[in-house]
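The values are calculated or read from the model by the stated rules, or taken from the named source; none is laboratory data. As the structure is a computational prediction, the values presented were derived from the model and not from experiment. Reconstructed Cβ throughout: ideal geometry from the backbone, glycine too, with neighbour counts over all protein chains shown.
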Number of protein chains: 2
Amino acid sequence: MSLFTANQRTYNPPSRPIVGICLDGCADEYFDAALARGQMPHLQRLSVSGYRGFARGQMPSFTNVNNASIVTGVPPRIHGIGGNYFYETATGEEVMTNSAKFLRAPTIFPAAQRAGRKVAVVTAKDKLRDIFAAGLIELGGIAFSSERVSQAAINTHGIVNVEAAVGPNPNIYSGEASIYVLKAGVKLIETGQADFLYLSTTDFMQHKFAPEAPEALEFYSALDFQIGQLIILGALVGITADHGMNAKQRPDGSPNVLFLESTLNNEFGPGFRVILPITDPHLIHHGGLGSFAQVHVPASSKLELSQILEFVRQLYGVTEVLDQATAARLMELPPDRMGDFVVCSGRDVVLGRTPEWHDLSVVAEGLRSHGGRYEEMVPFLISEPLNAAYAAKAHGDPRNFDLFDFICNGTNV
Amino acid sequence: MSLFTANQRTYNPPSRPIVGICLDGCADEYFDAALARGQMPHLQRLSVSGYRGFARGQMPSFTNVNNASIVTGVPPRIHGIGGNYFYETATGEEVMTNSAKFLRAPTIFPAAQRAGRKVAVVTAKDKLRDIFAAGLIELGGIAFSSERVSQAAINTHGIVNVEAAVGPNPNIYSGEASIYVLKAGVKLIETGQADFLYLSTTDFMQHKFAPEAPEALEFYSALDFQIGQLIILGALVGITADHGMNAKQRPDGSPNVLFLESTLNNEFGPGFRVILPITDPHLIHHGGLGSFAQVHVPASSKLELSQILEFVRQLYGVTEVLDQATAARLMELPPDRMGDFVVCSGRDVVLGRTPEWHDLSVVAEGLRSHGGRYEEMVPFLISEPLNAAYAAKAHGDPRNFDLFDFICNGTNV
């Protein structure tokens, strides 16, 4: 019995090993394409013997926002991370939210560890490690990234010599960076080092390849093999994604960008600051271009906000424009880490700052990205049948950050 | 060579029979559930040898809106049908858009027939027949519904004795009403009566059964058999949906309704008129409850519209509130057939008028419905590989009303 509570939610995990997986950028189409070609036999069985549906992710549909929501079980209004990147008005600095210092709520992991579980968290991107590890290592838990697996040490990561057990440090710009995360999970269960795991991959492959591309199919086949190993080891597995992924390009393959900061400065005069919360250390994935922006109006501006909002609403490719208060309420975001308003763009459109700000050469071969409403819905799978209460919950509006709730409380295991 | 033009778009169909299918209410999850259980072998092959992805449907995500868009190839701003139902301010009447008289653009069918194709349109719901048949019968085309197949006559439908060929008139409240539509398509091709078909089903089954329900699986298996027959006959087949489908209920199974007209009249005084454009002759499907509303403010009102909009934005379950002009632009709707503003509700929430207006007993066993953004994205499949130009187009923002464009122009057939 390892019942525990975190952020007002109660978790009652079965004694079996449990594994929550966040497949970064995994639009449902990736599963569809691989399943139709027989490349994901374990996922196919899992979806029949367990549950497969959609969950609503957290807006904006970015990595840190959604991973932080999944590991805390609450939205950004409570945990504080509403983007990969924000503008701190107090200091006047643009900062990346790659640190646990931005978290305003504990993750569920220390509580699980205290309840007697052996917790391990493995991420592809090292940028997430510090957030996932908050409060965990000192309790005996494990947290490391495949990106910097060679740096893992007992006092900082709760584990050492991972490369000897799992394999050499993979390149972050590869599918292997993600496969490695799942391989590490298999090894941690096999060796009895962990029985409560969170495995979070990276979306390099999804940014670079469409679902039916041979490279994507091979990648999903390899993911499936590892998912199968986890199930064979007796784990109860739940799978979701942080966000989907869509092509954001014109028919000629060039990126379909609305440079919002340039447009605003041209229209209303200089000083507008457009924050693109997709921004992270991995610009090669997306060139810093996503379908969501926070806009800070210059303090000196004498314009009515409603006038600016109406102007932005009319721009081609813009789908939603919400003032701070409305966006904070509808998207459950922390108002003090937002701009004066937020903007979403369409399924095939990204928002940029200025042409000079972005290095478009990294997306010259095609831009696939996320951040908006069309990447909000994500797959949601549990490897065992749902019990009656959670089957009813699934026929409502399940969220991707209900992942551990469904794994721990949602089956009769 | 049967190249033709309709509504500024050019269609160059191959000489093979071509079939456009609109599977009413077919959220992608229905395919996923049936495919994972091996119940749709033809669709599985089609999705590998051809193309499977998502298309963006037309908002609001209702049947008449989307069917009218698919058969004209243009959005409601041009073809005029922005709901199943609207309030005609000129006459003060609430009217159903079940007649071609509401169409402001021709369908593509007369042009196809004039170009030498043998056009046949089969729909489950008779309410759509008049729209689909506009200008077609007099040119020698065929249009009938499975709902009233026994009434089909040469001078009104272009065909007679359908029951003798296809089977007895099915009940509209059944899966057979939809299967019958596909069976009729198979028969029309087999007998050489048609080589350019549009087959449009009804969503009774999707309103009543979740994707993994045995009834839904059996239904999709039967659909798949008929899709297979079409392909075996040599047809080039394209499949999409008018809208998705989500459970709109509380965990106890009761419908999750926001009674918007009552709420507005309570807050601001009487006279608000809430139009629910899901309303059609088949209330048993959904009780008139969907996730989209047009709101008419009383002419006598002295309130600022912005004040009303802000009030509605704060209501629990509301996700989008747009004034008429903004909604007309973003959703490409005809402004003269709209209210003063539109409201969308969440994935699990429907909008109602007043408790008295709706007979909730018809949805006592569960409410599944549509109309909002969470039913906007729909499956999109073409039975042959896309050519280079359309593969690029598919990696953009393809619309469900591009169906005949993709079928006619999108492959190398």
Within the range B:205-243, the count of residues that are buried (at least 24 other Cβ atoms within 10 Å of the Cβ) and part of a loop (DSSP other than H, G, I, E, B) comes to 3
Here, helices (runs of 4 or more DSSP H) confined to the range B:246-359 with at least 2 residues that are within 14 Å of chain A (Cβ to nearest Cβ) are B:305-313, B:324-330
Filter result (away from chain B (no Cβ under 14 Å) and not in a loop (DSSP other than H, G, I, E, B)) within the range A:360-380
A:LEU360, A:SER361, A:VAL362
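State yes or no: is B:TYR85 away from chain A (no Cβ under 14 Å), in contact (Cβ under 8 Å) with a residue 24 or more places away in the chain and surrounded by fewer than 24 Cβ atoms within 10 Å (Cβ to Cβ)?
Details: away from chain A (no Cβ under 14 Å): yes; in contact (Cβ under 8 Å) with a residue 24 or more places away in the chain: yes; surrounded by fewer than 24 Cβ atoms within 10 Å (Cβ to Cβ): yes.
Against the criterion (away from chain A (no Cβ under 14 Å), in contact (Cβ under 8 Å) with a residue 24 or more places away in the chain and surrounded by fewer than 24 Cβ atoms within 10 Å (Cβ to Cβ)), B:TYR85 qualifies.
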Cβ-Cβ distance below 6 Å, separation of 6 or more or different chains: which pairs start in the range B:209-233 with a residue that is within 22 Å of B:GLY253 (Cβ to Cβ) and within 14 Å of another protein chain (Cβ to nearest Cβ) and end on one that is of a type in the set (Phe, Trp, Tyr) and surrounded by 18 or more Cβ atoms within 10 Å (Cβ to Cβ)?
B:PRO211/B:TYR30; B:ALA216/B:PHE209
State which residue pairs qualify: first residue within 23 Å of B:PHE86 (Cβ to Cβ) and in the same structural domain as B:HIS296 (by TED's automatic domain parsing) and inside the range B:306-326, second residue surrounded by 16 or more Cβ atoms within 10 Å (Cβ to Cβ) and aromatic (Phe, Trp, Tyr) in any location, beta carbons under 7 Å apart, and separation of 6 or more residues or different chains.
B:ILE308/B:PHE268; B:LEU309/B:PHE341; B:VAL321/B:PHE341; B:LEU322/B:PHE341; B:ASP323/B:PHE341; B:GLN324/B:PHE341
Would you point out the residue of the range B:47-73, among those that are surrounded by fewer than 24 Cβ atoms within 10 Å (Cβ to Cβ) and of a type in the set (A, V, I, L, M), that is farthest from the other protein chains (Cβ to nearest Cβ)?
B:ALA55
Hits in the range A:326-347 (condition: in contact with a Pro (Cβ under 9 Å, 6 or more places away or on another chain) and closer than 18 Å to A:HIS286 by Cβ):
A:CYS344
Given (1) away from chain A (no Cβ under 14 Å); (2) more than 25 Å from B:ASP195 (Cα to Cα); (3) charged (D, E, K, R), number of the condition B:ASP24 does not satisfy
(2)
Checking the structure you have, find out if any residue of the range A:389-408 is modelled with pLDDT under 95, part of a loop (DSSP other than H, G, I, E, B) and under 30 Å from A:ARG45 (Cβ atoms).
yes
Every residue in the range B:381-398 that is touching a Phe, Trp or Tyr at 6+ places or on another chain (Cβ under 9 Å) and within 11 Å of another protein chain (Cβ to nearest Cβ), please.
B:LEU381, B:PRO385, B:LEU386, B:TYR390, B:ALA391, B:LYS393, B:ALA394, B:ASP397, B:PRO398
Those residues that are facing chain B (nearest Cβ under 8 Å) and not aliphatic (A, V, I, L, M), I need them from the range A:32-46; list them, please.
A:ASP32, A:ARG37, A:GLN44
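If you take the residues in the range A:104-162 that are of a type in the set (S, T, N, Q) and farther than 15 Å from A:THR201 by Cα, which one is surrounded by the most Cβ atoms within 10 Å (Cβ to Cβ)? Spell out how you get there, then give the answer.
Narrowing the range A:104-162 to residues of a type in the set (S, T, N, Q): A:107, A:113, A:123, A:145-146, A:150-151, A:155-156, A:161.
Okay, now just the ones that are also farther than 15 Å from A:THR201 by Cα, so A:107, A:113, A:150-151, A:155-156, A:161.
On the way: A:THR107: 29, A:GLN113: 24, A:SER150: 11, A:GLN151: 14, A:ASN155: 8, A:THR156: 14, A:ASN161: 12.
That would be A:THR107.
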Check off (1) more than 14 Å from every other protein chain (Cβ to nearest Cβ); (2) surrounded by 19 or more Cβ atoms within 10 Å (Cβ to Cβ); (3) in contact with a strand residue (DSSP E or B) (Cβ under 9 Å, 6 or more places away or on another chain) for A:LEU3 and give me the number that stays unchecked.
(2)
Among B:PHE380, B:PHE401, which is the only one that is touching a strand residue (DSSP E or B) at 6+ places or on another chain (Cβ under 6 Å), surrounded by 24 or more Cβ atoms within 10 Å (Cβ to Cβ) and aromatic (Phe, Trp, Tyr)?
B:PHE380
Being closer than 27 Å to A:ARG37 by Cα and among the hydrophobic types (A, V, I, L, M, F, W, C), is that true of even one residue in the range A:246-261?
yes
For the range B:135-155 the number of residues that are acidic (Asp, Glu) and closer than 22 Å to B:GLU176 by Cβ is 1
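Condition check: closer than 30 Å to B:HIS42 by Cβ, more than 20 Å from the chain's Cα centre (by Cα), of a type outside the set (S, T, N, Q) and surrounded by fewer than 21 Cβ atoms within 10 Å (Cβ to Cβ). Does B:ALA325 satisfy that? Even if it seems obvious, please write down each step before you answer.
Numbers: closer than 30 Å to B:HIS42 by Cβ: no; more than 20 Å from the chain's Cα centre (by Cα): yes; of a type outside the set (S, T, N, Q): yes; surrounded by fewer than 21 Cβ atoms within 10 Å (Cβ to Cβ): yes.
Here the answer is no, as B:ALA325 does not meet what is asked.
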Just one of A:ALA364, A:ALA388 is in the same structural domain as A:GLY82 (by TED's automatic domain parsing) and surrounded by fewer than 16 Cβ atoms within 10 Å (Cβ to Cβ); which is it?
A:ALA388
What are the pairs, 6+ residues apart or on separate chains, where a residue within the range B:40-66 that is free of Cβ contacts under 8 Å to residues at least 12 places away in the same chain has its Cβ under 7 Å from a residue that is in a loop (DSSP other than H, G, I, E, B) and surrounded by fewer than 24 Cβ atoms within 10 Å (Cβ to Cβ)?
B:VAL48/A:ARG37
How about the range A:90-124: which of its residues are more than 15 Å from A:PRO277 (Cβ to Cβ) and β-branched (Val, Ile, Thr)?
A:THR91, A:THR107, A:ILE108, A:VAL119, A:VAL121, A:VAL122, A:THR123
Can you name every residue in the range A:138-156 that is over 15 Å from A:PHE196 (Cβ atoms) and either acidic (Asp, Glu) or in contact with a Gly (Cβ under 6 Å, 6 or more places away or on another chain) (or both)?
A:GLU138, A:GLU147
In this structure, does A:LEU276 turn out to be within 18 Å of the chain's Cα centre (by Cα), assigned by TED's automatic domain parsing to the domain that holds A:PHE311 and under 26 Å from A:LEU309 (Cβ atoms)?
yes
